[in-house]
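Data block below; observations after.
Every read-out reported here was derived from the displayed coordinates using simple, explicitly stated rules and does not represent laboratory data. Keep in mind that this is a model prediction, so the values were computed, not measured. We place every Cβ from the backbone using ideal geometry, glycine too, and count neighbours over all the protein chains shown.
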Amino acid sequence: MTARTRFTDKTALVTGAGSGIGRTIALALAAEGAQVVVAGRRREPLEETVRLIEEAGGKALAVTADVTDAADVQALVAAAVDRFGSLDVAVNNAGVFRGGQPLADLPEADWHEQLGANVTGVFLALQAEVRQMRTQPSGGAIVNIASIFGVHARHPGAAAYSATKAAVSVLTRGAALDHIRDGVRINAVSPGAVETPMSLRPGETEAERTRRAADTLPLGRISGTDEIAAAVLYLASDDASSVVGTDLVVDSGATA
Ligand SMILES: NC(=O)c1ccc[n+]([C@@H]2O[C@H](COP(=O)([O-])OP(=O)(O)OC[C@H]3O[C@@H](n4cnc5c(N)ncnc54)[C@H](OP(=O)(O)O)[C@@H]3O)[C@@H](O)[C@H]2O)c1
């Protein structure tokens, strides 16, 4: 099969790209020709993502940024434009999960941390990204990473996280309506359990998670990070040119 080139000469930004799903999305975008700006708070994992992209023949730039800080997020978008000339694709993937206990026992700090990274972070990123993209003749495409724990499913020990991810799904739809006439297409992906440490229950090993998935998920296994990246790249590409404000569930059938 010939290599796909849906993002040739496009500049993409991925938050939370030093690990997990975000790193795989960054690598996938670069493999299809994008120059990728990878962001997160810790520099070292971002530099490793850049190294992996460059090793595969791609172009990338690491920028440290805390998505809860408006100045950081504005500087991040500015860095992408300074270095590569435009911002065509943005994936707002940075997020945290704090939970496992009933809501009444969740420390208040964990509520604020999740609200900050998962909701304020996506809000600030959307603002900075749209403000740049709407100045460009070719506009842009944005994909937010929500979760099935938001509007699609309920799970004990995740009420606060779920509330933040429901907000991401709803922000996505509202922002999509506000900005489609600016040439900016905004969508979301809602993953179910994915093969990163975030989907391990407290104290659970990877082998136990595999057995749980085999017993409980219709597909019999959790999703790979590459399967989430495939959905993100579809929504970010011209293949999805009339897909606006959708929230694509990729969850091994958990909510089927
Ligand atoms: N894994 C799952 O089963 C699953 C399921 C549904 C949805 N999701 C969502 O998918 C996304 C990625 O999750 P993952 O499983 O890949 O987890 P992960 O490996 O922990 O990735 C989260 C990334 O976000 C970054 N981040 C966190 N807070 C940040 C902040 N304030 N500013 C900038 N970057 C920040 C982290 O880097 P730094 O710490 O260096 O900043 C990290 O690289 C999250 O939004 C998560 O909620 C995951």
> Between Arg83 and Ala3, what is the FRET efficiency for a Förster distance of 30 Å, r being their Cβ-Cβ separation, to the nearest 0.05?
Replying inline: 0.80
> Say each of Leu219 and Glu108 gets a label point 7 Å from the Cα, pointing the same way as Cα to Cβ; how far apart are those two points in nm?
Replying inline: 4.0
>> With n ≥ 4 as the cut-off for DSSP H runs, can you work out [θ] at 222 nm for the chain, using -39500 (n - 2.57) per run divided by the number of residues, rounded to the nearest 500?
In response: -13000 deg cm²/dmol
> How many nm separate the modelled label positions at Lys59 and Val170, each set 7 Å beyond the Cα in the direction of the Cβ?
Replying inline: 4.1
> Using alpha-carbon pairs under 8 Å, 6+ residues apart, how would you state the relative contact order of the stretch 11-250 in percent?
Replying inline: 19
>> Counting other beta carbons within 10 Å of each residue's own, what order do Ile222, Ile25, Ile228 fall into, fewest first?
In response: Ile222, Ile228, Ile25
>> Pick from Ser169, Ser241, Ser86 the residue whose mean-square fluctuation is largest in a GNM of the chain, springs joining Cα atoms under 10 Å.
In response: Ser241
> Charges only on Cβ, +1 for Lys and Arg, -1 for Asp and Glu: so what's the dipole of the stretch 182-246 about the Cα centre, in debye to the nearest 20?
Replying inline: 260
> Working out 0.36 nm times the residue gap between Thr255 and Ala153, then minus their Cα-Cα distance, what length gain in nm do you get to one decimal?
Replying inline: 36.0 nm
> For the stretch 1-160, what log10 I(q)/I(0) values come out of the Debye formula at q = 0.09, 0.14, 0.16, 0.18 1/Å, with one point per alpha carbon and no solvent?
Replying inline: -0.31, -0.70, -0.87, -1.04
> How far apart, in nm, are two points set 7 Å out from the Cα along the Cα-to-Cβ line at Thr135 and at Glu48?
Replying inline: 3.5
>> Placing unit charges on C-beta atoms (Lys and Arg positive, Asp and Glu negative, everything else neutral), compute the dipole magnitude of the stretch 11-250 about its Cα centre in debye, rounded to 20.
In response: 320
> Any idea how far the Cα center of the stretch 162-218 sits from the one of the stretch 24-75, in Å?
Replying inline: 21
